[in-house]
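Working notes, beginning with the structure itself.
The values are calculated or read from the model by the stated rules, or taken from the named source; none is laboratory data. Quick caveat, the model's predicted, so the values are computed rather than measured. Backbone-built Cβ (ideal geometry, glycine too); neighbour counts: all protein chains shown.
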Amino acid sequence: MIVQPLTVLDHHHQELRNNGEDVIQGLSQTPKTLSPKYFYDDHGSQLFEKICELPEYYPTRIEAWILQQYADEIAEITRCCELIELGSGSSTKTQIILDAYQKITDFCRYLPIDVSGKILKTSVLELQEKYPDFAIHGLLGTYEQALVHLGSNYLQSRMLFFLGSSLGNFNAEGCDSFLDQVSRTLQPGDYFLLGVDLQKPKDILEAAYNDSQEVTADFNLNVLSHLNWRFQGNFDISLFRHQAIYNEVDNQMEMYLHCEKNHYVSLELLDLQVLFTNGESIMTEISRKFDLATMEKQLDKKGLKTLKSWTDEKGWFGLILCQVE
């Protein structure tokens with residue numbers, strides 16, 4: 001019997017349920033925007049893995065250090081529980097967590113969730129080989145789809161974790177809605193482990209999103225390639241330029257694609273035609289930077305009581321472990 005490593009949450013598009021309404025809305029307004037979820041086709045996911053290895057990009061490295069220091073403590077607090085990861089990617093940092101649980105239990109169930117089918121399937125198969133006594137099964141879809149799909153607990157309790165500072169990609173309203181959904185999904189006694197990028201000097205932040213090897217630029221531009229193949233578009237990528245700047249008023253990094261020549265774009269499957277004028281921009285991502293104490297208060301208001309939080313020595317990154325009351 002061949003065990004399928006993935007559950008596809010939406011068979012219509014295989015990787016991402018999407019009728020393109022958000023693209024139509026984002027490219028029809030002024031200023032133009034795109035959802036950062038369009039970064040993550042297979043190639044975009046591979047580029048992001050490269051970004052995580054860049055010397056300028058500190059979040060992955062520092063979060064991994066925090067996990068190495070405190071994963072055993074997290075496992076001791078939560079004990080044997082079902083582990084569910086939103087936006088798992090290659091699950092590299094997750095192995096630090098799985099190693100910690102392997103020390104305290106002979107059995108663990110891990111559900112990684114991602115929108116990139118190729119990288120998810122590869123990581124599930126690799127992890128199943130490394131942790132043969134653990135039940136590992138991927139869920140292919142968006143955060144929203146996965147949280148609805150989870151249903152009741154498989155074990156006595158579960159820990160949902162959201163690492164890599166991805167919460168910063170939500171604006172304030174979206175962040176609030178997301179935490180509401182997390183709170184509704186989890187049961188009393190369940191856990192939520194959250195990674196947040198903390199506020200720090202502008203020069204450090206801008207260097208992290210404008211790396212010298214221009215991998216982040218390629219990652220940003222790839223969103224247009226993704227739209228081209230998904231919606232039969234004709235973006236001329238050579239006409240766009242990457243920029244990332246820190247908005248000190250809103251405490252957020254902002255990524256843009258600037259059009260450098262008048263360009264008429266058609267996305268056939270969306271029946272959408274858009275004129276880009278010279279100098280016009282698309283905002284492709286925000287990455288909000290948080291204050292740890294403020295975030296703990298926001299979580300508490302959602303019924304997610306902070307049990308413990310950890311940071312690195314510089315206070316650049318935070319990891320918060322909550323429990324549903």
Consider Met295 carefully, then state whether it is closer than 19 Å to Met159 by Cα, modelled with pLDDT of 95 or more and not β-branched (Val, Ile, Thr). yes
Determine which member of the set Leu257, Leu227 is free of Cβ contacts under 8 Å to residues at least 60 places away in the same chain and either buried (at least 20 other Cβ atoms within 10 Å of the Cβ) or over 12 Å from Met283 (Cα atoms) (or both). Leu257
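If you go through region 278-293 one residue at a time, do you hit one that is closer than 30 Å to Ile237 by Cβ, out of contact with any strand residue (DSSP E or B) (no Cβ under 6 Å at 6 or more places or on another chain) and exposed (fewer than 13 other Cβ atoms within 10 Å of the Cβ)? Can you show your working first?
Restricting attention to region 278-293, the residues satisfying the condition of being closer than 30 Å to Ile237 by Cβ are 278-289.
Checking which are out of contact with any strand residue (DSSP E or B) (no Cβ under 6 Å at 6 or more places or on another chain) leaves us with 278-279.
Checking the rest, the ones that are also exposed (fewer than 13 other Cβ atoms within 10 Å of the Cβ) come to 278-279.
Yes - at least one qualifying residue is present in region 278-293.
Give the residue, chosen from Gly279, Gly315, that is on the phi > 0 side of the Ramachandran plot, within 24 Å of the chain's Cα centre (by Cα) and small (Gly, Ala, Ser). Write out each step before concluding.
Values: Gly279 fails: within 24 Å of the chain's Cα centre (by Cα).
Gly315 is the lone residue from the list that is on the phi > 0 side of the Ramachandran plot, within 24 Å of the chain's Cα centre (by Cα) and small (Gly, Ala, Ser).
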Hey, Ser165 hits all of (1) over 22 Å from Ala64 (Cα atoms); (2) modelled with pLDDT under 95 but one; which does it fall short on? (1)
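Among Glu129, Glu173, which is the only one that is more than 21 Å from Ser90 (Cα to Cα) and at pLDDT 90 or above? Explain how you work it out, then say what you get.
Working: Glu129 fails: more than 21 Å from Ser90 (Cα to Cα).
Only one candidate passes the filter, namely Glu173.
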For residues that are in contact with a Lys or Arg (Cβ under 6 Å, 6 or more places away or on another chain) and surrounded by fewer than 17 Cβ atoms within 10 Å (Cβ to Cβ), tally how many sit in region 118-175. 2
Residue hits (region 294-325; assigned to a helix (DSSP H, G or I) and either touching a His at 6+ places or on another chain (Cβ under 9 Å) or buried (at least 17 other Cβ atoms within 10 Å of the Cβ) (or both)) are Met295, Glu296, Leu299
Assuming Leu47 fulfils every condition listed in (1) in contact (Cβ under 8 Å) with a residue 40 or more places away in the chain; (2) within 19 Å of Glu254 (Cα to Cα); (3) in contact with a strand residue (DSSP E or B) (Cβ under 9 Å, 6 or more places away or on another chain) apart from one, which condition is it? (3)
Among Tyr131, Tyr110, the single one that is in contact with a helix residue (DSSP H, G or I) (Cβ under 7 Å, 6 or more places away or on another chain) and under 18 Å from Leu67 (Cα atoms) is Tyr110
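Sort out which residues of region 70-81 are part of a helix (DSSP H, G or I) and not polar (S, T, N, Q), and write them in order of number. Full working, then the answer.
Filtering region 70-81 down to residues part of a helix (DSSP H, G or I) leaves 70-78.
Hits for region 70-81 are Tyr70, Ala71, Asp72, Glu73, Ile74, Ala75, Glu76, Ile77.
For region 234-278, which strands (runs of 3 or more DSSP E) that fit wholly inside it have 1 or more residues that are under 30 Å from Val196 (Cβ atoms) and of a type in the set (Phe, Trp, Tyr)? Full working, then the answer.
Values: elements: 240-247, 252-259, 263-267, 272-276.
Once the strands (runs of 3 or more DSSP E) in region 234-278 are filtered for at least 1 residues that are under 30 Å from Val196 (Cβ atoms) and of a type in the set (Phe, Trp, Tyr), what remains is 240-247, 252-259.
Give the residue, chosen from Leu47, Leu54, Leu67, that is out of contact with any Cys (no Cβ under 6 Å at 6 or more places or on another chain), buried (at least 17 other Cβ atoms within 10 Å of the Cβ) and outside any helix (DSSP H, G or I). Steps first, please.
Numbers: Leu47 fails: outside any helix (DSSP H, G or I); Leu67 fails: outside any helix (DSSP H, G or I).
None of the others qualify; the one that does is Leu54.
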